[in-house]
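Let me begin by presenting the structure, written as structure tokens, before commenting on it.
All of the numbers you see were taken from the coordinates with simple rules; none came from a lab. Just so it is clear, the model here is predicted, and its values are computed rather than measured. Note that we place each Cβ from the backbone using ideal geometry, even for glycine, and neighbour counts take in every protein chain shown.
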Amino acid sequence: MTHRCRLYLITPPVIDDAKAFATLLEQALDAGDVAAIQVRLKEVSEAHLAEVTKAVLAVGQDYEVAVLLNDSPELAAKFGCDGVHIGQSDGTLKEARKIMGKDAMIGVTCHDSRHLAMEASEGGADYVAFGAFFPTQTKDTDFQAELEDLTIWQESMMTPCVAIGGITVDNCDAVIEAGADFIAVCGGIWNHPEGPAAAVSAFNAKFKQIQKVAQGRA
């Protein structure tokens with residue numbers, strides 16, 4: 001693996017104060033490279049989701065980090081997000097593209113299925129997400145992805161792949177080495193014992209270290 005893996009943040013499952021979270025997010029982004037942020041809040045009012053998304057978008061624009069909304073292309077377009085992440089039950093990729101436009105970033109959950117990922121790739125997805133790779137408290141998951149899913153994908157397909165599910169600084173090495181272009185992290189950032197900024201810094205140190213070793217082998 002000689003490509004550079006990057007970090008993809010997912011917001012905590014509960015955000016009570018949009019302003020306070022924006023400050024926390026700024027601290028995290030100050031600490032190292034982040035490719036994208038996904039706003040993922042379940043069972044909240046549209047008004048609260050709009051408030052949080054607006055705050056995240058303001059920070060994302062300052063740091064030139066893409067901001068995606070989970071699940072809803074309609075709301076992602078309404079809020080002015082850079083993209084949307086859809087699951088297998090959130091409507092079709094074609095519908096999402098029609099709503100979001102050709103320049104939006106659209107990612108698709110593909111669980112443990114390279115078949116679903118190939119369909120998404122052929123349909124014009126900007127990335128495919130495999131997971132979960134490790135147990136996670138963030139969401140219920142019925143799927144266990146294998147490291148070889150990432151390796152085979154990296155070797156055979158051009159569409160970037162994201163690894164998701166229970167990834168932390170302590171267990172991320174194997175996922176990075178297997179070929180993930182991005183690792184999507186929620187709890188591993190916001191629940192890090194030294195705080196989100198320390199987590200972002202530690203992840204980026206890992207990316208550089210593993211890339212250096214891989215280049216040495218190449």
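Worth pointing out:
- Dividing the summed -39500 (n - 2.57) terms of all DSSP H runs of n ≥ 4 by the residue count of the chain sets its mean residue ellipticity at 222 nm at -13500 deg cm²/dmol.
- Residue of 107, 165, 32 that the Gaussian network model of the chain assigns the largest fluctuation, springs spanning Cα pairs under 10 Å: 32
- For the chain: lysine pairs under 27 Å (alpha-carbon distance), excluding those fewer than 8 apart on one chain: 22
- Taking the centroid of alpha carbons for each part, the range 103-177 and the range 1-73 are 19 Å apart.
- When you count the other C-beta atoms within 10 angstrom of each residue and take the mean per peptide, 71-79, 23-31, 179-187 line up highest first as 179-187, 71-79, 23-31.
- Lys, Arg +1 and Asp, Glu -1 on Cβ, resulting dipole of the range 6-213 about Cα centre, debye, nearest 20: 300
- For the chain: relative contact order, % (alpha-carbon pairs under 8 angstrom, 6 or more apart): 23
- Förster radius 35 Å - calculated FRET efficiency between residue 143 and residue 209, Cβ distance, rounded to 0.05: 0.75
- Taking the range 133-176 and a reference point 7 angstrom along Cα→Cβ of residue 89, the backbone N atoms nearer than 19 Å belong to 136-145, 165.
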